[in-house]
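> Take a look at the following structure, please.
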Amino acid sequence: TMFKHHVLVFQELKEDVFNSVRQRIIGKHGRIRSRGADYLFFALLDAIIDNYFAVLEHISDRIETLEEEVYQNPKPQTAQKIQGLKKEVLKIRRYVAPVKELVSRLIDSENPLITRDTKLFLRDALDHCLEINESLQIYREMVMSLMEMYMSNMSNKMNEVMKVLTVMASIFIPLTFIVGIYGMNFDNMPELHWENGYYMVWGLMVVLLILMLIYFKKKRWI
């Protein structure tokens with residue numbers, strides 16, 4: 001709350017973003033001691049807005065880390081991390097929106113407590129709010145793209161597994177067919193009485209296996 005000669009601020013935590021403003025007041029740095037309460041109010045708002053840039057940098061680092069994880073070694077936990085980051089970006093956007101609205105109203109207001117010079121500073125703060133909002137929108141789209149890439153990579157991995165299983169099934173189906181034929185208990189099966197019938201069946205199965213492997217290799221299925 002801003003008065004003519006005072007600014008009333010409520011603080012929830014011991015550590016906050018206003019420490020830089022306190023140091024400027026204590027050290028008598030800059031114009032903060034020579035200007036009115038409206039400039040102090042702007043300085044507090046500006047400290048809040050500047051803190052969001054540090055948050056944006058942290059989010060950017062997390063996006064880069066997740067991007068490497070998605071490309072190199074995606075895991076089921078990766079999807080949870082992406083969803084958590086998406087919720088965090090949306091939450092920060094909800095926090096920034098009231099600050100942007102407040103700064104915009106202060107610029108457009110006819111409040112006699114706010115001087116024309118301070119409104120110029122507030123316009124700069126509004127530009128920062130818009131920049132933060134645009135960055136958050138970009139990060140939101142990047143996070144959504146990460147989820148799409150994750151789903152695509154997981155789908156490709158599943159396709160690779162299915163391809164291996166299909167190749168293995170294709171190899172063993174004809175071998176199982178041969179074994180099934182000679183596993184039937186019919187009396188009139190001449191091959192059962194051949195002296196080298198057992199070795200001939202094994203040879204046939206090995207030849208089939210080699211031919212199928214060569215064929216799959218040429219097709220680049222394995």
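> At a Förster distance of 30 Å, what's the computed FRET efficiency of Glu148 paired with Asp127, Cβ-Cβ distance as r, to 0.05?
According to the calculation, E is roughly 0.40.
> Where does the range 170-222 land on the Kirkwood hydrodynamic radius, alpha-carbon pairs, in angstrom?
The Cα-based Kirkwood calculation yields 12.4 Å.
> Which value in Å is the Kirkwood Rh of the range 19-154 over different Cα pairs?
Kirkwood radius, the range 19-154: 17.0 Å.
> Looking only at the range 135-158, which residues have a backbone nitrogen under 14 Å from a spot 7 Å from the Cα of Gln80 in the C-beta direction?
Correct set: none at all.
> Would you kindly state the longest site-free stretch of the chain, with sites defined as GluC sites (Glu not before Pro) in a DSSP loop (not H, G, I, E, B) surrounded by at most 15 other Cβ atoms within 10 Å?
16-109
> Which value in Å is the Kirkwood Rh of the range 79-222 over different Cα pairs?
Result for the range 79-222 stands at 22.4 Å.
> Still on this structure: Taking 0.36 nm per residue of sequence separation and subtracting the Cα-Cα distance, how much length would be gained by fully extending the chain between Ala97 and Tyr198, in nm to one decimal?
28.3 nm
> Between Leu175 and Ile214, what is the label-point separation in nm under the 7 Å Cα-to-beta-carbon projection?
Going from the Ile214 label point to the Leu175 one covers 1.8 nm.
> Which of the residue pairs Lys75/Lys163; Lys157/Lys217; Lys157/Lys219; Lys163/Lys217; Lys91/Lys119; Lys163/Lys219 have a Cα-Cα distance greater than 23 Å in the structure shown?
From Lys75/Lys163; Lys157/Lys217; Lys157/Lys219; Lys163/Lys217; Lys91/Lys119; Lys163/Lys219, over 23 Å: Lys91/Lys119.
Throughout, read-outs are computed from the coordinates displayed, never taken from laboratory work. Small disclaimer: the values here were computed from a predicted structure and weren't measured. Here the Cβ is made from the backbone with ideal geometry for all residues, glycine too, and neighbour counts use every protein chain on show.
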